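Notes for the one structure printed next.
Nothing in this text is a laboratory measurement; each read-out follows from the coordinates by a stated rule. Keep in mind that what you see is a predicted model, and the values were worked out from it rather than measured. Heads up, the Cβs are rebuilt from the backbone with ideal geometry, glycines too, and the neighbour counts pull from every protein chain shown.
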């Protein structure tokens, strides 16, 4: 039995008087791709933020590699890819500089890139096929290139746990395939990957685990066990998207 | 040719003009660098709030004979904390909380000025006193300029990341709470320094306009900072000269020039100007 790398025990998060996530329990093993599935407003983003230690917990606790979240941030363990809408694409910053920001946690306090940082950034750009685009301002990229820029930052950060918030929203099929291929490679290197999505069509093809969210964690576990019509119906409040099963 | 030469050299025979030029450039440069962060972070309104909220602090500091910077800093920070508290604990939205707090603080400052027995000139606090800066104030401005430039230099990359993607900043171990207050402290200090030249009303122009002008000219942050500084030095120097020759308000001249510069750039900028975008 593997040790779980992400562990939630009875986690409750609330905003003012509205409860966003109630009594959530979860274990995700190292070296797996876990899909977080739920409707918009079901608490997926809250779950993400709770795992990243960005939410005050009303109750319960979050453990990353067996340790409390507050001790984790110093160690570059968690890498986060924001939703496309959450990024200011007019920001005066180049692809290269965004990827270099993945290295800040390893640099001295002036954040002066060393040779090794430059090498890792270049390698990350290569792996995400962004060579030749590195001096573009980020707003001048296509949807897929934008996603790959942040994926490259994640690679440069060399985090053990990678969280992707709606990575397939607004990208074409080719980019989606490329992202999935890269994620599978990363998983095979022992990384743990969490993906939030409301697009169910290809969950079963690449996720090892599925986590069903609707104000709490309804079920989690191996995709084959959890990704059933009954469970999906519970997650989506009684309706199953057509043609899924 | 000789007339132009005269136009620039004649005022320099006065010590107060040399000092005014020096201080306006010094303050302008810090404001310009800071304005790049504020415009990208979306903190323009926050700058507006802090600049007004420092008034009671400045007045009290005069009264108690303590450094103006200290008084301004306490009230500037206090206003931001109060805005945060109102936003977090009540259903009042942020823009309303900002408007509510800074006007309240500003009004308190007006009451204090009229009640405290001192010879504070409200007009100097509000609109600056560039041509009559006292030696103590000159030293204070230089000290503030050094502190803020060093802080902005050391933390420039962290602050940039904090503006761009605070969640990533936090996940790689940067202390985002510290960066938030650092930016705020630099803001409060800069406002105190700028109070000398343009006053607390127009300082907001110094903190928004150069960054916005530069933002329309480039896609690179370092270049944006340099352009903001150049535009500020240009308007500060020319504005101070204009105020001498026209016998007009220095603060007014500097800010009007900055605004004109922004309008020109807004129309003619090569990539983001109105003409280029048509």
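Across the range A:98-182, the mean sequence separation of Cα contacts (distance under 8 Å, 6 or more residues apart), normalised by length, yields a relative contact order of 37 percent. Summarising the label geometry, the points placed 7 Å from Cα in the beta-carbon direction at residue B:122 and residue B:268 lie 4.2 nm from one another. Say a paramagnetic label sat at a point 7 Å from the Cα of residue B:178, along Cα to Cβ; which residues of the range A:78-114 have their backbone N under 16 Å from it? Within reach of a label on residue B:178, which here means backbone N under 16 Å from a point 7 Å along Cα→Cβ, the range A:78-114 contributes A:104-112.
DSSP finds beta bridges in chain A, and of those with both partners inside it, around 55 percent are antiparallel. Normalised by 2.2 N^0.38 Å, where N is the number of residues, the C-alpha radius of gyration of the range A:84-158 stands at 1.03.
Cα centroids of the range A:103-154 and the range B:47-125: 43 Å apart.
Using the Cα gyration tensor of the range A:40-107, with a ≥ b ≥ c the square roots of its eigenvalues, what is the shape: rounded (a/c below 1.5), prolate (a/b larger than b/c) or oblate (neither)? Since a/c reaches 1.5 but b/c is at least a/b, the shape of the range A:40-107 is classed as oblate.
Taking Cα atoms only, the orientation of helix A:173-188 departs from the longest principal axis of chain A by about 90 degrees. On a C-alpha basis, how far is the centre of the range A:25-59 from the centre of the range B:238-273 in Å? Whole number, if you could? Between the Cα centre of the range A:25-59 and that of the range B:238-273, the gap is 51 Å. Dividing the convex hull volume of the alpha carbon atoms of the range B:29-126 by its residue count gives 105 Å³ per residue. Length available on full extension from residue B:107 to residue B:92: 0.36 nm per residue minus the Cα-Cα distance, which gives 3.3 nm.
With a simple spin-label model that places each label point 7 Å from the Cα along the Cα-to-Cβ direction, the separation between residue A:230 and residue B:154 comes to 6.1 nm.
Working from label points 7 Å from Cα in the Cα-to-Cβ sense, the residue A:56 to residue B:115 distance is 3.4 nm. Where a ≥ b ≥ c are the square roots of the eigenvalues of the C-alpha gyration tensor, would you call the range B:15-277 rounded, which needs a/c under 1.5, or, failing that, prolate if a/b is larger than b/c, or oblate? Oblate, since a/c reaches 1.5 and b/c is not below a/b.
Our compactness index for chain A, the C-alpha radius of gyration over the empirical 2.2 N^0.38 Å, is 1.01. Projecting the alpha carbon convex hull of the range B:156-278 along each direction and taking the average yields 8.8 nm².
Panel note: the C-alpha atoms of the protein assembly as shown, placed on their principal axes, show extents of 86, 52, 42 Å (largest first).
Order these peptides, A:55-65, B:132-142, B:157-167, A:38-48, by their mean beta-carbon neighbour count within 10 angstrom, highest first.
Numbers: A:55-65: 16.6, B:132-142: 14.5, B:157-167: 21.4, A:38-48: 19.5.
The densest-packed peptide leads the list: B:157-167, A:38-48, A:55-65, B:132-142.
Mean partner shielding of peptide A:91-99, defined as the number of other chain Cβ atoms within 10 Å of each residue Cβ, is 5. Evaluated at q = 0.13, 0.24 Å⁻¹, a Debye calculation over the C-alpha positions of the range A:1-61 (equal weights, vacuum) places log10 I(q)/I(0) at -0.34, -1.05. Using 0.36 nm per residue, how much length does the chain from residue A:114 to residue A:29 gain when fully extended, once their Cα-Cα distance is taken away? Gain on extension, residue A:114 to residue A:29, equals 27.2 nm. Counting only alpha carbon atoms, the long axis of helix A:115-127 and the longest principal axis of chain A meet at about 60°.
Subtracting the Cα-Cα distance of residue B:44 and residue B:139 from their residue separation scaled by 0.36 nm leaves 31.4 nm.
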